[in-house]
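The values are calculated or read from the model by the stated rules, or taken from the named source; none is laboratory data. Everything quoted here is computed from the prediction, not taken from an experiment. Heads up, the Cβs are rebuilt from the backbone with ideal geometry, glycines too, and the neighbour counts pull from every protein chain shown. Each accessible area value is taken on the protein alone, full model and side chains, heavy atoms only, with ligands, DNA and RNA left out. Shrake-Rupley method; radii C 1.70, N 1.55, O 1.52, S 1.80 Å.
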Amino acid sequence: PDVGSTVVGGAAVAGVVWLLSRRYDGLPPGGTAGACVAAVVIVAVAAQLISVLFGGPRRRGSGRGLDSAGGEQDGDDPPEVDPLRWSLLPSNGLLRANMPEAVASENNTARLKLLVMHKPTHDARTNAAGNYPYSWHLHNRKRLWEVRVQVHFKVVPVHRQSVYFGLEMLPGPQSSGYTTKRIQKMILAGIQGTIGKEFYQTAGDDPEKTSGEVEPPCFAMPLWAVDAFHVADPGSEPDLTSDMSKIGHRRTDGTKAYIEAMKDVIANLSADKVYTFCFWGVSQFVDANLWMFQGLLGLKMDANNLCGRPPIFVVAYELLGDEATAARSSDGNRKHYNSQKNYFFKVALWSKQKPPEKEALRELLGDVVDDEAGDDGATNGASDSAEAPRGPFGQVRALMKRRRRSNQDSEEESRRNKHLAPWVQNAQKLLKGCMGS
């Protein structure tokens, strides 16, 4: 659109030159076209010179994306800031998808590393061009996102056949709409066709109609329902940001053999191994950036209509208690109460497209959340300093400071360029590559 505006402006200038030539007939034969071209060039060059002299500094990072390692890559314009946000609980700070390095964490049960990849579905041009982090892995594939997790157990699960990976939602009133329920059934049918039927899904208990503990809405899968896994000795585990397509076991290599291999791993879980899990199977149905379900017969639906208010929680846990005496739902499945879960990790996830209420985030994340419900605290992992700040809260404060400084630079540039006429601004954009802008 910027180049188009410049062409229109240049055409207008050329039109003026042509009219003057007709009025005064002062140009030699063939000179009218040359004068028109010369007029456009003079206007564009003058606009660029004005910009160099008075336009102010270029905003840091303009015109660059991030490659698979988090470094800069060529691009006409920077992609829009992705809306996906997440944080481990207890919070270690606000994070985004497509970090240049995996996020490390540790709790009482395990040492962890996590990486979340997501296509820029909120930015159609960038997505189509493949100019985004991890495009070498995601581009031209059906999957919209992929989650990679490494687990080094401190305490080996006792109930190994009751280890689950999946999603939890906040308890709330259940939707009674016919259309919503119909679409939900279609989505579940699509998921069954992708990963099989052995998963647990519930809309949860209605807090207003339930006495005692409330089961939250959840979608829980046995570990063999993840799409790939790898087992390694400590120190030899793969880098989560690397190409892992040639290592470990993958469901696409054969479902039956894959499930048997995973069941053998579960039966022999050890604190002396590092386990890497990759999950993307249902991603074609769930766009976390846009916060919607999609992909079935062309239907799309706001995720809030199906999973309640944000955030949602990505979880892995061991379900404790006696299987024989456990509470059951109406269809005979065992209920997954939070009080009976031994969590290996719990991640809060949401989108700025459909953000949670600020107070809900504050309750989960504490003082990390600022007045913009987490926007300033999120980062793509870049650093302006050679020395990284210590501790998660120090990192968050440093990231907030960098974000404010970037915004100040942008505002200063806007003030300096505000007085320039639109045709000047468009011309300088057209020639920015020629004069080093």
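Scanning the range 88-134 for residues that are within 18 Å of Val274 (Cα to Cα) and of a type in the set (S, T, N, Q), we see that the one that is most open to solvent (accessible area, probe 1.4 Å) is Asn108. On the stretch given as the range 156-199, residues that are at pLDDT below 85, in contact with a strand residue (DSSP E or B) (Cβ under 7 Å, 6 or more places away or on another chain) and not hydrophobic (A, V, I, L, M, F, W, C) total 2. Of all residues in the range 231-248, those satisfying the criterion of being over 24 Å from the mean Cα position of the chain (by Cα) and open to solvent by 20 Å² or more (accessible area, probe 1.4 Å) are Val231, Asp233, Pro234, Gly235, Ser236, Glu237, Lys246, Ile247, Gly248. Among residues of the range 135-164 being surrounded by fewer than 23 Cβ atoms within 10 Å (Cβ to Cβ) and of a type in the set (Phe, Trp, Tyr), the one that is nearest to Val226 (Cα to Cα) is Tyr164.
Quick check on the range 289-312. Is at least one of its residues among the small types (Gly, Ala, Ser) and modelled with pLDDT of 90 or more? For the range 289-312, residues among the small types (Gly, Ala, Ser) and modelled with pLDDT of 90 or more: absent.
Of note, Glu101 does not satisfy the criterion of being free of Cβ contacts under 8 Å to residues at least 12 places away in the same chain and either within 16 Å of Trp350 (Cα to Cα) or out of contact with any strand residue (DSSP E or B) (no Cβ under 6 Å at 6 or more places or on another chain) (or both). When the test is whether a residue is over 23 Å from Pro216 (Cα atoms), basic (Lys, Arg) and either in contact with a His (Cβ under 7 Å, 6 or more places away or on another chain) or part of a helix (DSSP H, G or I) (or both), Lys263 passes it. Of all residues in the range 292-309, those satisfying the criterion of being open to solvent by 10 Å² or more (accessible area, probe 1.4 Å) and assigned to a loop (DSSP other than H, G, I, E, B) are Leu297, Gly298, Gly308, Arg309. Being assigned to a strand (DSSP E or B), among the charged types (D, E, K, R) and crowded, with 22+ Cβ neighbours inside 10 Å is the requirement here; does Arg85 meet it? Yes, satisfied. Being among the hydroxyl-bearing types (Ser, Thr, Tyr) and modelled with pLDDT under 90 is the filter; apply it to the range 313-348 and report the residue that is most open to solvent (accessible area, probe 1.4 Å). This residue is Ser330. Please work out which residue is nearest to the chain's Cα centre (by Cα), limiting yourself to the range 262-317 and to residues that are of a type in the set (S, T, N, Q) and within 30 Å of Ala124 (Cβ to Cβ). By that ranking, first place goes to Asn289.
Just one of the listed residues (Tyr275, Tyr258) is within 28 Å of Met99 (Cα to Cα) and either in contact (Cβ under 8 Å) with a residue 40 or more places away in the chain or open to solvent by less than 20 Å² (accessible area, probe 1.4 Å) (or both), namely Tyr275. Screening Lys354 with (1) surrounded by fewer than 18 Cβ atoms within 10 Å (Cβ to Cβ); (2) closer than 23 Å to Asn92 by Cα; (3) without any contact (Cβ under 8 Å) to a residue 40 or more places away in the chain; (4) of a type in the set (Lys, Arg) gives one miss only, at (3).
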